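Below is one structure, written out as C-alpha coordinates; the observations come after it.
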Amino acid sequence: MTDETRTLAAYAAGLRLEHVPAEVVARAERLILDFVGNVARGGAEAESSPALRALVKKAGFDGPGPCTVIGDTRTYAPAAAALLNGAFGHSLDFDDTHAESSLHPSAPVVSAAFAAAQMTGADSADVVAAIIAGYEVCCRLGVALDPAKHYGRGFHPTATAGTFGAAAAAGRVMGLDADAIACAYGVAGSQAAGSLQFLVNGAWNKRYQVGAAAMNGLMAALLAAEGFKGAAQAIEGVHGFLKGYSDDVDMALAVRDLGTVYETMKIGLKPYPSCRYTHAALDGLLAMRTRNGLSGADIEKVEIGLHPNGITLTGAPIDEKRRARTVVAGQFSMPFTAAVALDQGSFGWDDYRRLGDAALDALADRVEVTADPRLEDRPHPFGALLRVTTAKGVFEADIPDPSGEPETFPDDAALTGKFMTLATPVMGEAQARALGAQMLALSTAKRFALA
(Lines give C-alpha, C1' and ligand atoms only; values in the text may rest on other atoms or scores of the structure.)
Protein backbone atom coordinates (compact mmCIF):
# COMPACT_ATOMS: atom_id res chain seq x y z
CA MET A 1 0.00 0.00 0.00
CA THR A 2 1.36 3.40 -0.95
CA ASP A 3 1.09 6.19 1.59
CA GLU A 4 1.02 9.49 -0.30
CA THR A 5 -1.33 11.05 2.24
CA ARG A 6 1.09 10.54 5.13
CA THR A 7 4.12 11.49 3.05
CA LEU A 8 2.64 14.79 1.93
CA ALA A 9 1.31 15.51 5.41
CA ALA A 10 4.72 14.96 7.00
CA TYR A 11 6.33 17.13 4.37
CA ALA A 12 3.98 20.05 4.99
CA ALA A 13 4.25 19.75 8.78
CA GLY A 14 8.03 19.58 8.77
CA LEU A 15 8.94 22.18 6.17
CA ARG A 16 11.13 24.96 7.57
CA LEU A 17 12.19 27.97 5.56
CA GLU A 18 15.84 27.60 6.52
CA HIS A 19 15.88 24.24 4.75
CA VAL A 20 14.47 25.63 1.50
CA PRO A 21 16.90 26.90 -1.17
CA ALA A 22 17.08 30.70 -1.31
CA GLU A 23 16.00 30.76 -4.94
CA VAL A 24 12.79 28.90 -4.05
CA VAL A 25 12.00 31.35 -1.27
CA ALA A 26 12.62 34.29 -3.61
CA ARG A 27 10.39 32.74 -6.29
CA ALA A 28 7.59 32.20 -3.79
CA GLU A 29 7.72 35.86 -2.72
CA ARG A 30 7.39 36.93 -6.36
CA LEU A 31 4.47 34.60 -6.97
CA ILE A 32 2.79 36.05 -3.88
CA LEU A 33 3.37 39.59 -5.17
CA ASP A 34 1.76 38.75 -8.49
CA PHE A 35 -1.23 37.15 -6.82
CA VAL A 36 -1.84 40.06 -4.45
CA GLY A 37 -2.11 42.43 -7.44
CA ASN A 38 -4.67 40.13 -9.00
CA VAL A 39 -6.76 40.14 -5.83
CA ALA A 40 -6.82 43.92 -5.64
CA ARG A 41 -7.99 44.48 -9.21
CA GLY A 42 -10.27 41.43 -9.32
CA GLY A 43 -12.11 42.51 -6.20
CA ALA A 44 -12.63 45.99 -7.58
CA GLU A 45 -13.54 45.28 -11.20
CA ALA A 46 -14.60 41.68 -11.87
CA GLU A 47 -18.32 41.63 -12.54
CA SER A 48 -18.81 38.72 -10.14
CA SER A 49 -17.23 40.48 -7.14
CA PRO A 50 -20.33 42.36 -5.86
CA ALA A 51 -22.27 39.09 -5.67
CA LEU A 52 -19.45 37.45 -3.71
CA ARG A 53 -19.37 40.32 -1.22
CA ALA A 54 -23.15 40.10 -0.87
CA LEU A 55 -22.84 36.36 -0.27
CA VAL A 56 -20.56 36.69 2.75
CA LYS A 57 -22.83 39.38 4.19
CA LYS A 58 -26.11 37.57 3.70
CA ALA A 59 -24.65 34.22 4.76
CA GLY A 60 -23.71 35.82 8.05
CA PHE A 61 -19.94 35.40 8.07
CA ASP A 62 -18.76 38.86 7.10
CA GLY A 63 -18.53 40.06 10.69
CA PRO A 64 -15.39 41.94 11.75
CA GLY A 65 -12.40 39.69 12.10
CA PRO A 66 -8.60 39.73 11.98
CA CYS A 67 -8.18 39.06 8.27
CA THR A 68 -7.52 41.31 5.29
CA VAL A 69 -9.05 41.14 1.83
CA ILE A 70 -6.56 42.86 -0.46
CA GLY A 71 -7.89 46.23 -1.58
CA ASP A 72 -10.58 46.48 1.10
CA THR A 73 -10.42 48.94 3.98
CA ARG A 74 -12.26 46.70 6.47
CA THR A 75 -11.33 43.32 7.92
CA TYR A 76 -13.11 39.98 7.75
CA ALA A 77 -13.54 36.68 9.50
CA PRO A 78 -10.96 34.09 8.33
CA ALA A 79 -13.34 31.99 6.21
CA ALA A 80 -14.70 35.02 4.40
CA ALA A 81 -11.22 36.41 3.75
CA ALA A 82 -9.99 33.10 2.32
CA LEU A 83 -13.05 32.85 0.06
CA LEU A 84 -12.88 36.42 -1.20
CA ASN A 85 -9.12 36.61 -1.72
CA GLY A 86 -9.17 33.29 -3.55
CA ALA A 87 -12.11 34.19 -5.76
CA PHE A 88 -10.98 37.76 -6.48
CA GLY A 89 -7.44 36.62 -7.23
CA HIS A 90 -8.67 34.17 -9.84
CA SER A 91 -11.35 36.37 -11.36
CA LEU A 92 -9.17 38.14 -13.93
CA ASP A 93 -7.63 34.84 -15.10
CA PHE A 94 -4.32 36.70 -14.81
CA ASP A 95 -2.87 34.60 -11.96
CA ASP A 96 0.03 32.15 -12.02
CA THR A 97 0.04 28.73 -13.70
CA HIS A 98 1.91 25.47 -13.12
CA ALA A 99 2.18 23.99 -16.60
CA GLU A 100 2.54 20.29 -15.86
CA SER A 101 -0.49 20.18 -13.55
CA SER A 102 -2.41 22.80 -15.54
CA LEU A 103 -3.56 24.64 -12.42
CA HIS A 104 -3.26 28.04 -10.73
CA PRO A 105 -1.70 27.38 -7.32
CA SER A 106 -1.58 30.78 -5.62
CA ALA A 107 -5.32 31.46 -5.49
CA PRO A 108 -6.22 28.60 -3.13
CA VAL A 109 -2.85 28.30 -1.37
CA VAL A 110 -1.94 31.92 -0.62
CA SER A 111 -5.50 32.85 0.33
CA ALA A 112 -5.74 30.04 2.89
CA ALA A 113 -2.27 30.79 4.28
CA PHE A 114 -2.98 34.52 4.65
CA ALA A 115 -6.21 33.88 6.53
CA ALA A 116 -4.59 31.34 8.85
CA ALA A 117 -1.65 33.68 9.47
CA GLN A 118 -3.77 36.67 10.44
CA MET A 119 -5.92 34.45 12.62
CA THR A 120 -2.93 33.03 14.52
CA GLY A 121 -0.38 35.86 14.41
CA ALA A 122 2.15 33.69 12.60
CA ASP A 123 5.68 34.69 11.69
CA SER A 124 6.19 35.71 8.07
CA ALA A 125 8.83 33.01 7.60
CA ASP A 126 6.26 30.39 8.57
CA VAL A 127 3.75 31.87 6.15
CA VAL A 128 6.18 31.67 3.23
CA ALA A 129 7.16 28.11 4.21
CA ALA A 130 3.47 27.18 4.38
CA ILE A 131 2.80 28.65 0.95
CA ILE A 132 5.70 26.68 -0.53
CA ALA A 133 4.32 23.52 1.11
CA GLY A 134 0.89 24.26 -0.36
CA TYR A 135 2.36 24.84 -3.82
CA GLU A 136 4.21 21.55 -3.67
CA VAL A 137 1.18 19.57 -2.52
CA CYS A 138 -1.38 20.88 -5.01
CA CYS A 139 0.97 20.92 -8.02
CA ARG A 140 2.15 17.37 -7.36
CA LEU A 141 -1.41 16.13 -6.97
CA GLY A 142 -2.35 17.87 -10.20
CA VAL A 143 0.47 16.12 -12.05
CA ALA A 144 -0.43 12.74 -10.57
CA LEU A 145 -4.04 13.15 -11.71
CA ASP A 146 -2.94 13.57 -15.36
CA PRO A 147 -4.55 16.93 -16.24
CA ALA A 148 -5.89 15.75 -19.59
CA LYS A 149 -7.77 12.88 -17.93
CA HIS A 150 -8.91 15.11 -15.07
CA TYR A 151 -10.20 17.70 -17.56
CA GLY A 152 -11.76 14.88 -19.57
CA ARG A 153 -13.93 14.04 -16.59
CA GLY A 154 -14.98 17.68 -16.38
CA PHE A 155 -12.97 18.68 -13.30
CA HIS A 156 -11.13 21.95 -12.66
CA PRO A 157 -7.80 21.07 -10.98
CA THR A 158 -7.23 24.48 -9.38
CA ALA A 159 -10.36 23.89 -7.33
CA THR A 160 -9.89 20.17 -6.69
CA ALA A 161 -6.16 19.73 -6.07
CA GLY A 162 -6.11 23.30 -4.80
CA THR A 163 -8.22 22.32 -1.79
CA PHE A 164 -5.43 19.99 -0.62
CA GLY A 165 -2.82 22.69 -1.21
CA ALA A 166 -4.89 25.12 0.84
CA ALA A 167 -5.24 22.58 3.66
CA ALA A 168 -1.48 21.97 3.65
CA ALA A 169 -0.71 25.70 3.76
CA ALA A 170 -3.24 26.51 6.48
CA GLY A 171 -2.20 23.49 8.52
CA ARG A 172 1.47 24.44 8.33
CA VAL A 173 0.72 28.03 9.40
CA MET A 174 -1.21 26.68 12.39
CA GLY A 175 1.68 24.44 13.37
CA LEU A 176 -0.24 21.19 12.96
CA ASP A 177 1.74 17.98 13.12
CA ALA A 178 1.76 15.32 10.41
CA ASP A 179 -1.15 13.38 11.93
CA ALA A 180 -3.33 16.48 12.04
CA ILE A 181 -2.48 17.55 8.50
CA ALA A 182 -3.28 14.03 7.29
CA CYS A 183 -6.68 14.46 8.98
CA ALA A 184 -7.05 17.82 7.24
CA TYR A 185 -6.43 16.07 3.92
CA GLY A 186 -9.12 13.60 4.89
CA VAL A 187 -11.60 16.44 5.29
CA ALA A 188 -10.34 18.17 2.14
CA GLY A 189 -11.09 15.04 0.15
CA SER A 190 -14.78 15.51 0.85
CA GLN A 191 -14.66 19.15 -0.20
CA ALA A 192 -12.50 19.04 -3.34
CA ALA A 193 -14.86 20.16 -6.10
CA GLY A 194 -14.81 22.20 -9.26
CA SER A 195 -16.63 21.65 -12.56
CA LEU A 196 -15.78 22.81 -16.08
CA GLN A 197 -19.47 23.26 -16.83
CA PHE A 198 -18.94 27.01 -16.44
CA LEU A 199 -17.61 26.99 -20.00
CA VAL A 200 -21.10 26.42 -21.41
CA ASN A 201 -22.41 29.89 -20.62
CA GLY A 202 -19.44 31.89 -19.37
CA ALA A 203 -20.56 31.37 -15.78
CA TRP A 204 -18.75 32.63 -12.69
CA ASN A 205 -18.47 29.21 -11.04
CA LYS A 206 -14.75 29.01 -11.83
CA ARG A 207 -14.02 32.05 -9.69
CA TYR A 208 -16.18 30.93 -6.80
CA GLN A 209 -14.96 27.34 -6.73
CA VAL A 210 -11.33 28.48 -6.45
CA GLY A 211 -12.21 30.79 -3.57
CA ALA A 212 -14.16 27.93 -2.02
CA ALA A 213 -11.06 25.73 -2.33
CA ALA A 214 -9.13 28.25 -0.23
CA MET A 215 -11.94 28.46 2.34
CA ASN A 216 -12.48 24.70 2.44
CA GLY A 217 -8.78 24.01 2.90
CA LEU A 218 -8.74 26.46 5.79
CA MET A 219 -11.81 24.82 7.30
CA ALA A 220 -10.23 21.38 6.95
CA ALA A 221 -7.15 22.53 8.86
CA LEU A 222 -9.28 24.17 11.55
CA LEU A 223 -11.30 20.98 12.03
CA ALA A 224 -8.11 18.94 12.27
CA ALA A 225 -6.75 21.37 14.86
CA GLU A 226 -9.84 20.69 16.97
CA GLY A 227 -9.30 16.94 16.87
CA PHE A 228 -11.84 16.21 14.15
CA LYS A 229 -11.26 12.79 12.59
CA GLY A 230 -10.74 12.98 8.84
CA ALA A 231 -10.76 10.09 6.39
CA ALA A 232 -7.58 8.03 6.20
CA GLN A 233 -5.77 7.50 2.87
CA ALA A 234 -7.58 10.53 1.49
CA ILE A 235 -5.21 10.80 -1.46
CA GLU A 236 -4.32 7.21 -2.43
CA GLY A 237 -7.29 5.24 -1.06
CA VAL A 238 -9.66 3.21 -3.19
CA HIS A 239 -12.17 6.06 -2.93
CA GLY A 240 -9.49 8.68 -2.44
CA PHE A 241 -8.79 11.80 -4.42
CA LEU A 242 -6.48 10.44 -7.12
CA LYS A 243 -8.46 7.32 -7.99
CA GLY A 244 -11.79 9.09 -7.75
CA TYR A 245 -10.93 12.07 -9.95
CA SER A 246 -8.99 10.60 -12.87
CA ASP A 247 -8.96 7.61 -15.18
CA ASP A 248 -5.18 7.33 -15.29
CA VAL A 249 -3.21 8.25 -12.18
CA ASP A 250 0.45 7.81 -11.38
CA MET A 251 0.66 7.78 -7.59
CA ALA A 252 4.44 8.05 -7.59
CA LEU A 253 4.32 11.49 -9.20
CA ALA A 254 2.67 12.91 -6.08
CA VAL A 255 5.81 12.38 -4.00
CA ARG A 256 8.62 11.95 -6.52
CA ASP A 257 11.72 13.97 -5.54
CA LEU A 258 9.74 15.62 -2.74
CA GLY A 259 12.00 18.05 -0.91
CA THR A 260 14.71 18.02 -3.56
CA VAL A 261 12.90 19.15 -6.70
CA TYR A 262 10.60 22.12 -6.12
CA GLU A 263 7.47 22.45 -8.22
CA THR A 264 7.38 26.03 -6.94
CA MET A 265 10.21 26.80 -9.37
CA LYS A 266 8.07 25.53 -12.25
CA ILE A 267 5.21 28.00 -11.71
CA GLY A 268 4.91 30.66 -14.41
CA LEU A 269 3.24 34.05 -14.54
CA LYS A 270 0.77 35.32 -17.10
CA PRO A 271 1.38 38.25 -19.44
CA TYR A 272 -2.29 38.26 -20.54
CA PRO A 273 -5.56 38.03 -18.53
CA SER A 274 -6.89 34.91 -20.24
CA CYS A 275 -6.60 31.14 -20.15
CA ARG A 276 -2.95 30.06 -20.23
CA TYR A 277 -3.64 27.93 -23.31
CA THR A 278 -4.12 31.12 -25.35
CA HIS A 279 -0.78 32.69 -24.39
CA ALA A 280 1.74 31.01 -26.68
CA ALA A 281 -0.47 31.83 -29.66
CA LEU A 282 -0.85 35.43 -28.47
CA ASP A 283 2.93 35.76 -28.06
CA GLY A 284 3.43 34.48 -31.59
CA LEU A 285 0.69 36.55 -33.19
CA LEU A 286 1.85 39.77 -31.54
CA ALA A 287 5.44 39.15 -32.60
CA MET A 288 4.32 38.27 -36.12
CA ARG A 289 2.21 41.41 -36.32
CA THR A 290 5.10 43.65 -35.25
CA ARG A 291 7.78 41.92 -37.31
CA ASN A 292 5.77 42.04 -40.55
CA GLY A 293 3.94 45.34 -40.09
CA LEU A 294 0.52 43.69 -40.09
CA SER A 295 -2.86 45.09 -39.12
CA GLY A 296 -6.21 43.43 -38.64
CA ALA A 297 -7.19 44.38 -42.17
CA ASP A 298 -4.30 42.33 -43.59
CA ILE A 299 -5.47 39.08 -42.01
CA GLU A 300 -7.12 36.57 -44.34
CA LYS A 301 -6.90 33.40 -42.25
CA VAL A 302 -5.42 32.39 -38.91
CA GLU A 303 -4.77 28.72 -38.17
CA ILE A 304 -3.86 27.93 -34.56
CA GLY A 305 -2.86 24.48 -33.39
CA LEU A 306 -3.19 23.79 -29.65
CA HIS A 307 -2.81 20.88 -27.27
CA PRO A 308 -6.13 18.99 -26.83
CA ASN A 309 -6.48 20.51 -23.33
CA GLY A 310 -6.44 23.91 -24.98
CA ILE A 311 -9.18 22.92 -27.38
CA THR A 312 -11.37 21.77 -24.49
CA LEU A 313 -11.03 25.13 -22.80
CA THR A 314 -10.55 27.70 -25.57
CA GLY A 315 -11.37 26.27 -29.00
CA ALA A 316 -14.63 24.31 -28.92
CA PRO A 317 -17.33 24.68 -29.97
CA ILE A 318 -15.63 27.04 -32.39
CA ASP A 319 -18.72 29.00 -33.46
CA GLU A 320 -19.49 29.88 -29.84
CA LYS A 321 -15.86 30.75 -29.12
CA ARG A 322 -15.96 33.22 -32.03
CA ARG A 323 -18.88 35.05 -30.44
CA ALA A 324 -17.74 35.55 -26.87
CA ARG A 325 -20.08 37.97 -25.15
CA THR A 326 -19.13 37.68 -21.47
CA VAL A 327 -15.77 38.21 -19.81
CA VAL A 328 -15.50 34.54 -18.85
CA ALA A 329 -16.31 33.49 -22.41
CA GLY A 330 -13.69 35.91 -23.68
CA GLN A 331 -11.10 34.62 -21.22
CA PHE A 332 -11.62 31.15 -22.65
CA SER A 333 -11.83 32.07 -26.33
CA MET A 334 -8.80 31.62 -28.57
CA PRO A 335 -10.59 33.39 -31.47
CA PHE A 336 -11.53 36.45 -29.39
CA THR A 337 -8.14 36.89 -27.75
CA ALA A 338 -6.36 36.35 -31.07
CA ALA A 339 -8.61 38.89 -32.76
CA VAL A 340 -7.85 41.52 -30.11
CA ALA A 341 -4.11 40.92 -30.40
CA LEU A 342 -4.09 41.10 -34.18
CA ASP A 343 -6.40 44.10 -34.33
CA GLN A 344 -4.57 46.37 -31.89
CA GLY A 345 -1.17 44.79 -31.19
CA SER A 346 -1.76 44.22 -27.47
CA PHE A 347 -4.09 42.47 -25.05
CA GLY A 348 -4.95 43.45 -21.47
CA TRP A 349 -7.74 43.42 -18.91
CA ASP A 350 -9.39 46.57 -20.22
CA ASP A 351 -9.82 45.00 -23.66
CA TYR A 352 -12.78 42.95 -22.50
CA ARG A 353 -14.71 46.16 -23.05
CA ARG A 354 -14.48 45.26 -26.74
CA LEU A 355 -16.65 42.15 -26.40
CA GLY A 356 -19.22 42.35 -29.21
CA ASP A 357 -17.12 44.71 -31.33
CA ALA A 358 -18.08 44.04 -34.96
CA ALA A 359 -14.50 44.37 -36.18
CA LEU A 360 -13.34 41.73 -33.71
CA ASP A 361 -16.19 39.41 -34.64
CA ALA A 362 -15.19 39.65 -38.28
CA LEU A 363 -11.59 38.90 -37.44
CA ALA A 364 -12.55 36.03 -35.10
CA ASP A 365 -14.46 34.45 -38.01
CA ARG A 366 -11.11 34.06 -39.76
CA VAL A 367 -9.55 32.18 -36.83
CA GLU A 368 -9.45 28.38 -36.95
CA VAL A 369 -8.41 26.44 -33.85
CA THR A 370 -7.54 22.74 -34.03
CA ALA A 371 -5.93 20.08 -31.87
CA ASP A 372 -2.43 19.47 -33.18
CA PRO A 373 -0.93 16.07 -32.24
CA ARG A 374 2.59 17.49 -32.56
CA LEU A 375 2.01 19.34 -29.30
CA GLU A 376 1.08 16.27 -27.25
CA ASP A 377 4.58 14.88 -26.68
CA ARG A 378 6.16 18.09 -25.43
CA PRO A 379 7.14 18.72 -21.80
CA HIS A 380 4.44 21.38 -21.38
CA PRO A 381 0.96 21.51 -22.92
CA PHE A 382 0.82 25.28 -23.49
CA GLY A 383 2.56 25.62 -26.87
CA ALA A 384 1.00 26.72 -30.15
CA LEU A 385 1.59 26.24 -33.87
CA LEU A 386 0.61 29.19 -36.08
CA ARG A 387 -0.03 29.69 -39.76
CA VAL A 388 -1.32 33.14 -40.71
CA THR A 389 -2.34 33.95 -44.26
CA THR A 390 -2.25 37.66 -45.04
CA ALA A 391 -2.22 40.11 -47.91
CA LYS A 392 1.55 40.32 -47.36
CA GLY A 393 2.23 36.60 -47.44
CA VAL A 394 1.94 33.48 -45.31
CA PHE A 395 3.71 33.44 -41.94
CA GLU A 396 4.30 30.44 -39.69
CA ALA A 397 5.59 30.03 -36.15
CA ASP A 398 6.11 27.31 -33.57
CA ILE A 399 5.84 28.70 -30.04
CA PRO A 400 6.89 25.88 -27.66
CA ASP A 401 6.06 27.74 -24.45
CA PRO A 402 4.35 31.03 -23.65
CA SER A 403 6.30 33.88 -22.09
CA GLY A 404 6.36 33.95 -18.30
CA GLU A 405 7.29 30.29 -17.88
CA PRO A 406 10.24 29.53 -15.56
CA GLU A 407 12.73 29.81 -18.42
CA THR A 408 11.47 33.30 -19.20
CA PHE A 409 10.30 34.30 -15.74
CA PRO A 410 9.88 38.10 -15.58
CA ASP A 411 12.48 40.17 -13.77
CA ASP A 412 11.56 42.29 -10.76
CA ALA A 413 10.99 45.39 -12.87
CA ALA A 414 8.44 43.58 -15.03
CA LEU A 415 6.84 41.93 -12.00
CA THR A 416 6.50 45.23 -10.19
CA GLY A 417 5.17 46.89 -13.32
CA LYS A 418 2.37 44.34 -13.66
CA PHE A 419 1.61 44.56 -9.94
CA MET A 420 1.40 48.36 -10.01
CA THR A 421 -0.84 48.30 -13.08
CA LEU A 422 -3.24 46.04 -11.22
CA ALA A 423 -3.06 47.51 -7.71
CA THR A 424 -2.64 51.26 -8.23
CA PRO A 425 -6.18 51.95 -9.56
CA VAL A 426 -7.57 50.28 -6.43
CA MET A 427 -5.36 51.50 -3.58
CA GLY A 428 -3.34 54.40 -4.96
CA GLU A 429 0.33 54.49 -5.93
CA ALA A 430 1.87 55.00 -2.49
CA GLN A 431 -0.01 52.16 -0.80
CA ALA A 432 0.52 49.88 -3.79
CA ARG A 433 4.28 50.48 -3.73
CA ALA A 434 4.46 49.83 0.00
CA LEU A 435 2.50 46.58 -0.31
CA GLY A 436 4.61 45.45 -3.27
CA ALA A 437 7.87 46.06 -1.42
CA GLN A 438 6.48 44.21 1.60
CA MET A 439 5.63 41.12 -0.46
CA LEU A 440 9.10 41.00 -2.03
CA ALA A 441 10.65 40.88 1.46
CA LEU A 442 7.97 38.78 3.13
CA SER A 443 10.23 35.98 4.32
CA THR A 444 12.39 38.32 6.40
CA ALA A 445 9.61 40.19 8.23
CA LYS A 446 9.17 39.36 11.90
CA ARG A 447 5.38 39.27 11.92
CA PHE A 448 3.03 38.69 9.07
CA ALA A 449 0.91 41.71 8.14
CA LEU A 450 -0.70 43.14 5.02
CA ALA A 451 -0.15 46.90 4.51
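Antiparallel as a % of all DSSP beta bridges within the chain, to the nearest 5? Write out the running numbers ahead of the final one.
Values: 20 of 25 bridges.
For the chain, the DSSP antiparallel bridge percentage is about 80.
Regarding segment 308-451, what is the average projected area of its C-alpha convex hull, in nm²?
With the hull built on Cα positions only, its mean projection is 11.6 nm².
Specify the inter-centroid distance of segment 64-99 and segment 177-243, based on alpha-carbon positions, in whole Å.
Taking the Cα centre of each part, segment 64-99 and segment 177-243 sit 18 Å apart.
When you count, for each residue, the other Cβ atoms within 10 Å and take the mean per peptide, how do 391-404, 320-333 rank with the highest first? Each step should come with its number before you reach the end.
Details: 391-404: 16.4, 320-333: 21.8.
Highest mean packing first, the order is 320-333, 391-404.
For a quick protection proxy, order the peptides 418-424, 406-412 by their average other-Cβ count within 10 Å, most packed first.
Working: 418-424: 20.4, 406-412: 13.3.
Descending mean neighbour count gives 418-424, 406-412.
Hey, which aspartates and glutamates would be in cross-link range of K270, C-alpha to C-alpha under 14 Å, not counting anything within fewer than 8 residues on its own chain?
Candidates past the 8-residue exclusion: D34, D93, D95, D96, D283, D401, E405, E407, D411.
Given the peptides 147-160, 294-307, arrange them by the average over their residues of other C-beta atoms within 10 Å, most packed first. Please list the in-between numbers first.
Details: 147-160: 21.6, 294-307: 18.9.
The packing order, highest mean first, is 147-160, 294-307.
Over the alpha-carbon set of segment 80-145, work out the extent along each principal axis and list the three values in angstrom, largest first.
Extents along the principal axes, in whole Å: 34, 24, 16.
Round to the nearest 10 and give me the degree value, 0 to 90, for the angle of helix 178-191's Cα axis relative to the longest principal axis of the chain.
Compared with the principal axis, the helix lies near 50 degrees.
What angle do you read, to the nearest 10 degrees and between 0 and 90, between the alpha-carbon axis of helix 429-440 and the longest principal axis of the chain?
The answer is roughly 60 degrees.
Specify the angular offset, from 0 to 90 degrees and rounded to the nearest 10, of the alpha carbon long axis of helix 334-344 from the longest principal axis of the alpha carbons in the chain.
With both axes taken from Cα atoms, the answer is about 60 degrees.
Mean residue ellipticity at 222 nm from the helices of the chain, using -39,500 (n - 2.57) per DSSP H segment of n ≥ 4 over the full residue count, to the nearest 500 deg cm²/dmol?
Details: 18 runs with 229 residues, N = 451.
That calculation yields -16000 deg cm²/dmol at 222 nm.
First compute the accessible area of the chain with a 1.4 Å probe, then give the percent of it belonging to carbon and sulfur atoms. Walk me through the numbers before you get to the answer.
Details: 8510 of 15960 Å².
It is 53 percent, rounded to a whole number.
With every atom except the alpha carbons ignored, what do you get for Rg and Dmax of segment 251-329, in angstroms?
Computed over the Cα atoms of segment 251-329, radius of gyration and Dmax are 17.4, 53 Å.
Tell me which of F409, P379, G428 sits at the most positive position along the dipole axis of segment 363-451, charges placed on C-beta atoms (Lys, Arg +1; Asp, Glu -1).
G428
To the nearest µm²/s, what D does Stokes-Einstein give for the chain at 10 °C and 1.306 mPa s, using the Kirkwood radius over alpha carbon pairs as Rh?
Numbers: Rh = 21.7 Å.
Translational diffusion coefficient: 73 µm²/s.
May I ask you to derive the relative contact order of segment 171-297, considering only C-alpha pairs under 8 Å and at least 6 residues apart, and to give it as an integer percent? Intermediate values should be presented prior to the final figure.
Working: 85 pairs, mean separation 28.6, N = 127.
Computed value for segment 171-297: 23 percent relative contact order.
Using a 1.4 angstrom probe, figure out how much accessible area the chain has per residue, in square angstrom, rounded to the nearest whole. Please list the in-between numbers first.
Details: 15960 Å² over 451 residues.
Dividing the accessible area of the chain by its residue count gives 35 Å².
Apply the a/c threshold of 1.5 to the C-alpha gyration tensor of segment 252-384 and tell me whether it is rounded, prolate or oblate.
prolate
Seen from all sides and averaged, what is the projected area of the convex hull of the Cα atoms in segment 395-442, in nm²? Before the final figure, lay out the partial values.
Values: hull surface 20.0 nm².
Average of the hull's projected areas for segment 395-442 equals 5.0 nm².
Which entries in the list K149/K266; K418/K446; K206/K392 go over 30 Å, if you measure between the two C-alpha atoms of each? Intermediate values should be presented prior to the final figure.
Values: K149/K266 21 Å; K418/K446 27 Å; K206/K392 41 Å.
The answer is K206/K392.
Where nothing but the Cβ of Lys and Arg (+1) and of Asp and Glu (-1) is charged, how large is the charge dipole of the chain around its Cα centre, in debye to the nearest 20? Could the numbers behind the result be given before it?
Details: 39 positive and 51 negative charges, 211 e Å.
Computed charge dipole of the chain: roughly 1020 debye.
For segment 20-97, what's the radius of gyration and Dmax over Cα atoms, in angstrom?
Calculated on Cα positions, Rg and Dmax stand at 13.7, 45 Å.
The values are calculated or read from the model by the stated rules, or taken from the named source; none is laboratory data. Just so it is clear, the structure is predicted and the values come from calculations on it, not from any experiment. Neighbour counts run over all protein chains shown; Cβ positions are idealised from the backbone, glycine included. These area figures cover heavy atoms from the full protein model, side chains too; ligands, DNA and RNA do not enter into them. Shrake-Rupley method; radii C 1.70, N 1.55, O 1.52, S 1.80 Å.
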